[in-house]
Amino acid sequence: MDTNTQLPASDAKELSAHDHKARRYVSTWILIGVFMLLVQVILGGITRLTGSGLSITEWNVVTGALPPLGEQQWVAEFGKYQQTPQYRLLNSEFTLADFKFIFFWEWFHRFWARMIGVVFLVGFVYLIAKKYLKKEMQQPLLFLFFFGAFQGAIGWIMVASGLTGDAVYVKPTRLALHFIFALALISYAFWFALQLRVPARNRIVVPALRKWTWWIIGLLFLQLIFGALMAGHKAALSAPTWPDINGDMVPASLFAEKPWLLNFFENKITIHFVHRGLAYLLLVLVIVYTLKAYKVTTTSDSFRKARPYPLVFVLLQVVLGIVTVLTSPGIVPQRWGTFEWMAQLHQVVGMLLLLSFVAMLYLMPKRLTAGV
């Protein structure tokens, strides 16, 4: 397969030493942000698994940066939590010590979000002062800033959905929305860093494989949405068996809800079935994809290094998904056990799988342009 139509070195646009340094500094800053965003999603997962997400009932951007500093403040915060439906209907036996535990994880999740903002602002000011931020970098950075702020707003809308009526958890659909927007933000930031970091000579044109990459990314986003719905509905425990779903390969209750479309958002068994089915489909597609990627003849070190990762991550993801389901009967409220570890690792590997395909997509542009 003739896939390597890279520009010869003589055609590449030479950058000054200052431009090279600027790209390196800005891309490092963005990659630090990507890492912090990944940690933020992990903290969100821990917050969800520990049932901590509704422990802070207000969103105070400035005053909420510090946790309660004295017993009186702790009692006041606990009093606010006691007015929530989650406390009244689920955690009415909670002591102040129990509340402090769940409060910590939600506070740390919000605190880390603030730290991402600080790192962005400090880095931005430093890079401006050093004249490292070029004109073509400004629009992507502004988009990242507003996208991050929007994601924070979605997070509060999600939390607010669990503070009214008889809700004891946030709405699964809003959890899925919050999660998928976080993944989109991380993917965009990672793509921007790759633009600055990866020389054009390491990119290759492979139209057929690029189309495959787009299709798999689309399916993967859909799969991650259903993963978030699984988490939001705590659906693992509704069918803790494998390879069957409570004894059936195709459960009879797939379309028990009316209208039928509601099953894909509210029916735990349907969500289970779709999530597993997409996992099997992705596994097969990624195996075929990897075989195709290894048939590509190229001098690109970046492409050769990147192509095994999707298969490694999808295999690990499938195994973690199975173990997560099988260990769900061992869930003990307010205790971190095997299920929680497996569920958290399952989420982490899912994000890494997505980023591996984002990298592959970047390495295969529609056409090559001059650059370094």
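Every number here is computed from the coordinates shown, using simple stated rules; none is lab data. The shown structure was predicted, so the numbers you read here are calculated from the model rather than taken from an experiment. All Cβ positions, even for glycine, are placed from backbone atoms using ideal geometry, and neighbour counts span all protein chains on display.
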Candidate lysines for bridging to Lys131, where Cα separation is under 23 Å - those fewer than 8 sequence places away on the same chain excluded: Lys13, Lys21
Additional length obtainable on full extension of the chain from Thr241 to Thr297, 0.36 nm per residue less Cα span: 15.9 nm
Most positive-pole-ward Cα, Asn246, Trp215, Leu320, against dipole of segment 202-372 from beta carbon charges: Trp215
Gain in span if fully extended, Val312 to Arg24, counting 0.36 nm per residue against the direct Cα distance: 100.8 nm
Leu66-Trp214 FRET efficiency (beta carbon distance; Förster radius 41 Å; 0.05 resolution): 0.35
Percent breakdown of C-alpha pair distances by 5 Å bin, ordered from the shortest bin, for segment 202-372: 1, 8, 16, 18, 16, 13, 10, 7, 5, 3, 1, 0
222 nm mean residue ellipticity, helices alone, for the chain (DSSP H n ≥ 4; -39,500 (n - 2.57); rounded to 500): -22500 deg cm²/dmol
Segment 202-372, dipole about Cα centre (Lys/Arg Cβ +1, Asp/Glu Cβ -1), debye to the nearest 20: 860 debye
Rounded to 10°, Cα long-axis angle of helix 96-129 versus longest principal axis of the chain: 20 degrees
Per-peptide average of other Cβ atoms within 10 Å, ordering 282-293, 194-205 highest first: 194-205, 282-293
Using distinct alpha-carbon pairs, which all enter the 1/r mean, Kirkwood radius of segment 77-213 in Å: 18.5 Å
Charge-dipole axis of segment 66-152 as Lys and Arg at +1 and Asp and Glu at -1 on Cβ define it, positive-most pick from Ile128, Gly70, Phe147: Ile128
Option label - Cα extents along the principal axes in Å computed here, alternatives (i) 83, 47, 33; (ii) 52, 50, 39; (iii) 72, 56, 35: (iii)
10 Å Cβ shell holding at most 12 others, DSSP loop, GluC sites (Glu not before Pro): longest site-free stretch of the chain: 94-372
Rounded to whole Hz, the Karplus (6.51, -1.76, 1.60) HN-Hα couplings of segment 264-276, x for glycine and proline: 6, 10, 10, 7, 4, 5, 4, 4, 4, 4, 5, 4, 5
Total charge dipole magnitude, the chain, about the Cα centre, Cβ charges on Lys, Arg, Asp, Glu only, Debye to nearest 20: 1480 debye
Extension gain (nm, one decimal) between Leu283 and Ala252, 0.36 nm per residue minus Cα-Cα: 8.6 nm
Degrees, to the nearest 10: 71-81 long Cα axis against longest axis of the chain: 90 degrees
